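Encoded as structure tokens, the structure appears first; notes follow it.
The values are calculated or read from the model by the stated rules, or taken from the named source; none is laboratory data. Being a predicted model, the structure only gives us computed values, none of them experimental. When we count neighbours, we look across all protein chains shown, and the Cβ atoms used for this are built from the backbone with ideal geometry, even at glycine.
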């Protein structure tokens, strides 16, 4: 008599658990399907089609969007600019951040002030910061040219010429991300047990040896992680390019053309959906290669980098 | 990590750090000082950091020329709404993935995690077309849609469920007759509140700074966010830098205030989201 009743009770609570789990997950999975998974798949699909108004799959064209892409001068320029941007921002963004983190490793009275200062650009949204830097780079009234004039350097039209504009955007972007990387390095450095360093000092190791033989190897996974995250984020550069170098209302033909900027223009200015989708697939491939590179090199699970537009 | 201080090295270090601090802070000071300069001083040469006469006219101009109050409210609505949704979906899914077993659990979780590796920019075109289909272009729902779920949030909350909520507690609640939803709402959610704070700040700041999606999905000023409005109006004010700097100050101010109050949480949140979880 008792046993079946108890079993039914267990069945009931089990059913309730399933009910809750699926009831909670189904709406979330549905949102994922609509907002992430289906669009990701559709983007690949659309890249094989030419669009007409209101129909992204008007005409199947196979790989012709990709062929066109590889003979497109603007795409070549975008890839080149974006890669230069990513390489320089990552290199300086990682090296400077590491140096700063090493200098701040031992907490002092001043370190909170320094940390806050370096962190300020990180928490500030990109648009106001880009607006201010645009003016700092102004050829006639800009702060930078004024400071350079102390050293007898003639005014430079920073954002007007493609090369200097790219350099200008790199400098500004490094300035913005140093604090983020620094904080991550700082956590890693402060996690290193003091005993390791004390032991090395007792053994008479020099500062250079302590850095090269203890700190650097222990930080290697973090350095790798930060490097990959910075590279991936750099490949998605858009906002500062849009604000600082595109003409009035983002007119075409800005001085610095990057991948996402090119995708944006093709998709939302010229309505070449399939073509822009093919470009987006190329961006995705670059990101995936970088992600798996990290898998392979570090053997660490890739963590989140960014969930949506910024 | 302590090292014996070599005084010259220490001095060099502090000089480098002070130099770095100046470079980090200078653009903000420049922005602030310009926003209080009268038009006649904005383009003065050599540039002045401290205005001869202080004025609020730039701020008045901003509010007269651009509906910045509207932009501000839009940004607040977008960030608050999306943050609430992210918190709900992340804690709920994190709890279910962390404490329940059911068919296809790992597959579903891996799928959610995998989408985190795909940058938004690579699927914004089909997402936009979907919004066209829903009739959500230039609507608040369209603006907020991509920010309703966050893979990282689900991952982060699942970890926290593992570390902070013992199975025994949930079992005890079940024996006490609490419903499954009651367990989530009365027991799990309060226990997750600490990590939920970190996630909330992160989500809020990320949505506040969003640019490319608002740029694509909105066509009328009524829906522009602070960031988009500022980005658009900088062209209008491009000859008149006082007001645009005033606008920049206004758009940074809320973030700065939040940062100053919640500095510890933010730094923790960012280091957590950056690597640890």
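Data table
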{"item": "Looking only at the range B:229-241, and only at residues there that are more than 8 Å from chain A (Cβ to nearest Cβ) and in a helix (DSSP H, G or I), the one that is surrounded by the fewest Cβ atoms within 10 Å (Cβ to Cβ)", "result": "B:236"}
{"item": "Residue check, residue A:249 at pLDDT below 95, over 20 Å from the mean Cα position of the chain (by Cα) and assigned to a helix (DSSP H, G or I)", "result": "yes"}
{"item": "Selection from the range A:49-82 of residues that are out of contact with any helix residue (DSSP H, G or I) (no Cβ under 8 Å at 6 or more places or on another chain), surrounded by 15 or more Cβ atoms within 10 Å (Cβ to Cβ) and within 13 Å of residue A:282 (Cβ to Cβ)", "result": "A:72"}
{"item": "Filtered residues of the range B:12-23 (kept if surrounded by fewer than 16 Cβ atoms within 10 Å (Cβ to Cβ) and either over 30 Å from the mean Cα position of the chain (by Cα) or over 19 Å from residue A:133 (Cβ atoms) (or both))", "result": "B:12, B:14, B:15, B:16, B:18"}
{"item": "Residue match in the range B:118-127 (condition: within 22 Å of residue A:26 (Cα to Cα), surrounded by 23 or more Cβ atoms within 10 Å (Cβ to Cβ) and in contact (Cβ under 8 Å) with a residue 12 or more places away in the chain)", "result": "yes"}
{"item": "Every pair of residues 6+ apart whose Cβ atoms lie under 9 Å, when the first sits in the range A:12-32 and is at the interface with chain B (Cβ under 7 Å from one of its Cβ atoms) and within 12 Å of residue B:179 (Cα to Cα) while the second is surrounded by fewer than 15 Cβ atoms within 10 Å (Cβ to Cβ) and at pLDDT 90 or above", "result": "A:16/B:179; A:20/B:179; A:20/B:181"}
{"item": "Count - residues of the range B:100-136 that are more than 9 Å from chain A (Cβ to nearest Cβ), closer than 23 Å to residue A:19 by Cα and part of a helix (DSSP H, G or I)", "result": "4"}
{"item": "Which listed residue is surrounded by 14 or more Cβ atoms within 10 Å (Cβ to Cβ) and either part of a helix (DSSP H, G or I) or touching a helix residue (DSSP H, G or I) at 6+ places or on another chain (Cβ under 9 Å) (or both), from B:9, B:26", "result": "B:26"}
{"item": "Criterion: within 30 Å of residue A:223 (Cα to Cα), within 7 Å of chain A (Cβ to nearest Cβ) and modelled with pLDDT of 85 or more - qualifying residue of B:211, B:181", "result": "B:211"}
{"item": "Hey, residue B:42 within 27 Å of the chain's Cα centre (by Cα) and modelled with pLDDT under 95 or not", "result": "no"}
{"item": "Pairs with Cβ under 9 Å, 6+ apart, first in the range A:281-296 and surrounded by fewer than 19 Cβ atoms within 10 Å (Cβ to Cβ), second modelled with pLDDT under 95 and not in a helix (DSSP H, G or I)", "result": "A:288/B:117; A:288/B:118; A:291/A:302; A:291/A:305; A:291/B:117; A:292/A:302; A:295/A:301; A:295/A:302"}
{"item": "Answer from B:252, B:244, B:266 - the residue that is modelled with pLDDT under 80, crowded, with 21+ Cβ neighbours inside 10 Å and on the phi < 0 side of the Ramachandran plot", "result": "B:266"}
{"item": "Within the range A:36-132, helices (runs of 4 or more DSSP H) holding 3 or more residues that are closer than 27 Å to residue A:243 by Cα, touching a residue at least 40 places away in the same chain (Cβ under 8 Å) and within 7 Å of another protein chain (Cβ to nearest Cβ)", "result": "A:111-123"}
